[in-house]
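Have a look at the structure below before the remarks.
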Amino acid sequence: MSTYYASLFAEAGILLLGALSVYIILATGQLSLGNAAFMAIGAYLSSYLTVELGMPLTPALIVSAIAAGIIGVIVGFPALRLKGIYLAMATLGFGEMMRSFFINFPAMGGSGGFHGMAHISVGYIWAWAGGILVVLILVERSRVWLEMQAVHDDETAAGLVGLNTVAIKVGAFGIGAAVAAISGGLFAHHHVYIEPANFGFERSIDFVLATILGGSTLGLGSLIGAILLVFLPEFLRPIADWRLAAFGTLLILVLLVRRQGIVDRTLLRGLTFRKAAS
C-alpha cells in the first residue's frame with residue numbers, strides 16, 4: 001500500500017471514531033455539534049502525556065478518554081435542559097470555547113500548535129477504531145442499548161416505566177466524549193503536529209455527516225459514512241474542479257433517497273434473509 005492510501009485509511013479510522021462519538025450521543029435523541037472539542041482535549045492531553053511525561057501512547061489515550069469523559073458528563077448535565085436546535089447550538093458554543101482556550105494556552109503551544117509526538121501506524125489506528133466498533137455492535141444487542149433507544153423514542157414514557165433518563169443521557173454524553181478523545185489522540189500521533197484550527201466547527205460537521213450519511217441507527221453506518229467521506233472525493237479526482245460539486249450532489253441525492261442513511265436495520269434484515277434463503 002502506498003503512503004498516500006495508507007494516510008487515507010488512517011483518516012478514515014480517525015473519522016470513524018469521531019462519527020461513533022456522535023452516534024452514541026444521537027442514540028439517546030441528542031445531537032452534539034461540539035465533539036471536535038472533545039477530540040481536541042484528547043489530542044492535546046495525550047500529546048502532552050507522551051511528549052512531556054514520556055508516557056506510552058496506549059495508557060495516554062486511556063487517561064485522555066477518561067478525562068474527556070468526565071468533562072462530557074459535566075457538559076451533559078446543563079445540556080439536559082436543552083433539546084433540538086438549542087442543544088446543538090449549545091454544544092457548538094462549547095466547541096468554539098475549547099478551541100479558543102487552546103489558542104490562548106501557551107503551555108500547549110497556543111496558536112503555534114504542538115509537536116514532537118511519535119508517528120503511529122495505520123494498523124494501530126484501526127485496532128482502536130475496529131475494536132471500539134465491535135464493542136459498540138455488541139452493546140447494540142444489550143439491554144443498555146434498548147434503554148437508550150427508549151429515551152430516544154419517548155423520554156417521558158421511558159421515565160414513567162422507571163428508566164433513569166438523566167443517567168442514560170449524561171452517560172451517553174460521557175462515553176461519546178471519551179470516544180472522540182481517542183480519535184483526537186490518534187489524530188495527533190498520526191499527524192505528529194496539532195493546532196487549534198484542526199478542531200473547529202468543520203470537524204464536528206464531518207462527524208455528524210458521516211453518521212447521518214452512513215446510517216444513524218446502526219454503528220456500522222458510521223463505518224460506511226467515514227469511508228465514503230474520505231475516499232469518495234478521491235475517486236472523483238479525475239473531474240478536477242468539479243469533484244467537490246459532484247461530491248456534494250451525491251451526498252444530497254443519497255440523503256433524499258434514503259433519509260435514514262445508507263444502512264439501517266431493515267436493510268440488514270433483508271440482506272440476511274436473502275442470504276439465508278439462497
In the set 200, 176, 131, the lone residue that is farther than 22 Å from residue 73 by Cβ and either among the basic types (Lys, Arg) or in contact (Cβ under 8 Å) with a residue 40 or more places away in the chain (or both) is 200
| query | Is at least one residue of segment 200-212 within 16 Å of residue 133 (Cβ to Cβ), among the aromatic types (Phe, Trp, Tyr), within 20 Å of the chain's Cα centre (by Cα) and in a helix (DSSP H, G or I)? | reply | yes
Going by the structure shown, is residue 221 in a helix (DSSP H, G or I), under 19 Å from residue 32 (Cβ atoms) and out of contact with any His (no Cβ under 7 Å at 6 or more places or on another chain)? yes
Test: residue 237 is of a type in the set (D, E, K, R) and at pLDDT 90 or above: no
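For (1) under 14 Å from the mean Cα position of the chain (by Cα); (2) at pLDDT 90 or above; (3) of a type in the set (Val, Ile, Thr), each residue gets a yes or a no:
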position	(1), (2), (3)
29	no, no, no
42	yes, yes, no
48	no, yes, no
55	no, yes, no
61	no, yes, no
70	no, yes, yes
76	no, no, no
86	no, no, no
109	no, no, no
Selection over segment 114-131 where residues are over 14 Å from residue 17 (Cβ atoms) and surrounded by 15 or more Cβ atoms within 10 Å (Cβ to Cβ) yields a count of 2
With the first residue restricted to segment 229-243 and required to be charged (D, E, K, R), and the second required to be at pLDDT below 75 and loosely packed, with under 12 Cβ neighbours inside 10 Å, Cβ contacts under 9 Å at 6 or more apart or on different chains are 243/237
Output for Cβ contacts, cut-off 8 Å, separation at least six or different chains, first residue in contact (Cβ under 8 Å) with a residue 40 or more places away in the chain in segment 80-96, second of a type in the set (Val, Ile, Thr), reads 80/166; 80/170; 91/75; 94/75
Within segment 49-79, the count of residues that are in contact (Cβ under 8 Å) with a residue 40 or more places away in the chain and either crowded, with 18+ Cβ neighbours inside 10 Å or aliphatic (A, V, I, L, M) (or both) comes to 18
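Conditions (1) under 15 Å from residue 26 (Cβ atoms); (2) at pLDDT 90 or above, marked per residue:
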| residue | (1), (2) |
| --- | --- |
| 155 | yes, no |
| 159 | no, no |
| 167 | no, yes |
| 173 | yes, yes |
| 176 | yes, yes |
| 182 | no, yes |
| 187 | no, yes |
| 190 | no, yes |
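The values are calculated or read from the model by the stated rules, or taken from the named source; none is laboratory data. Just so you know, these numbers come straight off a predicted model, no measurement behind them. For neighbour counting, all protein chains shown are included, and Cβ atoms are generated from backbone atoms with ideal geometry for every residue, glycine included.
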